[in-house]
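Engineer: Have a look at this one.
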Amino acid sequence: MQTNSNTHAGDTRAQQSNAMLLVALTGNIASGKSMVARLLVEHGATLIDADVLARDAVRSGSPGYDAIVERWGNAVLQPDGALDRGALRRRVFDRPHELHELNAIVHPEVERKRADLVAEARARGDRVVVCDIPLLFENNLVDGFDRIILVDAPRPIRLERLVRDRGLHETEAMAMIAQQMPADLKRARADFVIDNDGTRQALAKRVDEVWHALTDEMGARQSADSLTLAPPRG
């Protein structure tokens, strides 16, 4: 686990109440981000998953679904009428203009749903809320968070995982990797970097270290709040 020297950056990122730590979790495809998210939940974090929100934003009968069908037709639907996300992805993958159109349909609704869930978590008094956002840097969402965790793995390992675990052809997997921002650029902007290039036990240890750093910060914030709010003596 790497902790970057820019951990103070969150002080100027999210001007929000200290009662909750809002954390962004990101990582390039096949880095192991989903596993890290599950481990953070086991520690007690509240998870808001962008992929879950994106699926909800295009569910059958939603405005997003209707807009997609109007734009791309039945070719992107499954026999039961549900959206065929794989077919849609293949359709827009190498067509930047169409990808931009799709993002313009989906992203605003995802952001709205995420904001609602964050507000609900804050109202409940949740201490650490983790937003799993694969394209955090690509979509310029960094400034909304107190801390950023990047999960990373060497490119050859990620390529192997895509081919082995997801059944992709190597050429397709390489194209998907090449489409994302290089990991080195992301590492420089993250507060914590979790390298997932070993065993699951090693990954769990790295996640433990990050979690302890987050909860230590949360405790310091709460102590500062209590001192600020305490009435003067005498």
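Engineer: List the GluC sites (Glu not before Pro) within segment 130-179 that DSSP assigns to loop and that have no more than 16 neighbouring Cβ atoms inside 10 Å.
Structural biologist: Taking segment 130-179 and a limit of 16 other Cβ atoms within 10 Å, the loop GluC sites (Glu not before Pro) found are Glu138.
Engineer: What net charge is computed for the residues neighbouring Glu209, neighbours being all others with C-beta under 14 Å from the C-beta of Glu209, Lys and Arg scored +1, Asp and Glu -1?
Structural biologist: For residues surrounding Glu209, the net value is -2.
Engineer: For Lys33, give me every one of the lysines with a C-alpha distance below 19 angstrom, ignoring sequence neighbours fewer than eight places off in its own chain.
Structural biologist: Cα-Cα hits under 19 Å: Lys186, Lys205.
Engineer: Normalised by the number of residues in the chain, what is the relative contact order in percent for Cα pairs under 8 Å and 6+ residues apart?
Structural biologist: Normalised by residue count, the contact order of the chain is 39 percent.
Engineer: Using per-residue counts of other Cβ atoms within 10 Å, averaged over each peptide, order 56-62, 147-153 from highest down.
Structural biologist: On the way: 56-62: 15.0, 147-153: 25.4.
Taking the mean over residues of other Cβ atoms within 10 Å, the ranking is 147-153, 56-62.
Engineer: May I ask for the net charge around Phe192, where only other residues with Cβ less than 10 Å from the Cβ of Phe192 are counted and Lys, Arg are +1 while Asp, Glu are -1?
Structural biologist: That sum, taken over residues with Cβ under 10 Å, equals 0.
Engineer: For each of Met176, Met1, count neighbouring Cβ atoms within 10 Å of the residue's Cβ, then give the residues from fewest to most. Mind dumping the intermediate values first?
Structural biologist: On the way: Met176 19, Met1 16.
Arranged by neighbour count, lowest to highest, Met176, Met1 become Met1, Met176.
Engineer: Still on this structure: Excluding same-chain residues fewer than 8 positions from Lys113, which aspartates and glutamates have a Cα within less than 14 Å of its Cα?
Structural biologist: Asp49, Asp51, Asp56, Asp132
Engineer: Just to be sure I understand: of the beta bridges DSSP finds with both ends in segment 2-220, what percent are antiparallel, rounded to 5?
Structural biologist: Antiparallel bridges: around 15 percent, rounded to the nearest 5.
Engineer: Add +1 for every Lys or Arg and -1 for every Asp or Glu among the other residues with Cβ under 13 Å from the Cβ of Ser62, and state the total.
Structural biologist: For residues surrounding Ser62, the net value is 0.
Engineer: Could I ask something else about it? Once you order the gyration tensor axes a ≥ b ≥ c over the Cα atoms, which shape class does segment 39-125 get: rounded for a/c under 1.5, otherwise prolate or oblate by comparing a/b with b/c?
Structural biologist: prolate
Engineer: Next question. Let me check I have the definition right: for segment 2-220, take the eigenvalues of the Cα gyration tensor, multiply each by 5, take square roots. What are those semi-axes in whole Å, largest first?
Structural biologist: Sorted largest first and rounded, they come to 30, 22, 15 Å.
Engineer: Here's something else I'd like to know. Can you list residues from other chains, or at least 5 along the same chain, whose modelled amide H is less than 5 Å from the amide H of Gln2?
Structural biologist: Those lying under 5 Å, H to H, from Gln2 are Val193, Ile194, Asp195.
Rule-based calculations on the coordinates, nothing more; no lab input. Computed from a predicted structure; not experimentally measured. Here Cβ is always computed from backbone atoms with ideal geometry, including for glycine, and neighbour counts include all displayed protein chains.
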